[in-house]
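> Can you read through this structure? Questions will come right after.
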Amino acid sequence: MAEFLDISYKLLYATKPARLNYVYREYLQFLDHYEERIDFKKFLNDFESKFGHLWVHYEHKGLPRTTNIIEGIIRQLSRKIDDTDGFNYSETAWNSLKLLIMRYRFKRFSCSRTKENNGHSPLSLAGVNTKSINWVRFSQKQTH
């Protein structure tokens, strides 16, 4: 199992696509030794099912390696859904989602890994002047 942990760590934290390809070949050789273990095979299949999402950041320059922002939005939605025991109308769900998106777009970063981003919202970093926009009114505009 220690060998699997080592090779999986190398796969997950490869810093360049060339290094990832090299480590992936090592991983395939590793698999030849452990394929007959039924209990381990189920775990490997689950691990490999995530491969399509693990290295997307190599394909899109500037994309972070983490999904922290997405996970934060899902956590906020989960809290909302749990508190109200579900949405009664699709419009209510859509409005809640719009508010979360608007809040994220206008909220200024305070603890960004990129220090220059602190004090700026995602919209202002994109070059949008947000000073004259009332984000609550803006969120109420019909988009569909």
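The values are calculated or read from the model by the stated rules, or taken from the named source; none is laboratory data. Note that the structure is a prediction, hence the values are computed from the model and not measured. Methodologically, a virtual Cβ is constructed for each residue, glycine included, from the backbone with ideal geometry; neighbour enumeration extends over all protein chains shown.
> If the Cβ limit is 8 Å and pairs must be 6+ apart or interchain, which residue in the range 23-47 that is in the same structural domain as Y9 (by TED's automatic domain parsing) pairs with which residue that is at pLDDT below 80 and surrounded by fewer than 13 Cβ atoms within 10 Å (Cβ to Cβ)?
K41/E35
> Residue by residue through the range 22-60, note down the ones that are closer than 29 Å to T114 by Cα and in a helix (DSSP H, G or I).
F51, G52, H53, L54, V56, H57, Y58, E59
> Suppose we keep only residues that are in a loop (DSSP other than H, G, I, E, B), surrounded by 13 or more Cβ atoms within 10 Å (Cβ to Cβ) and at pLDDT below 75 within the range 61-112. Which one would you say is nearest to the chain's Cα centre (by Cα)?
R65
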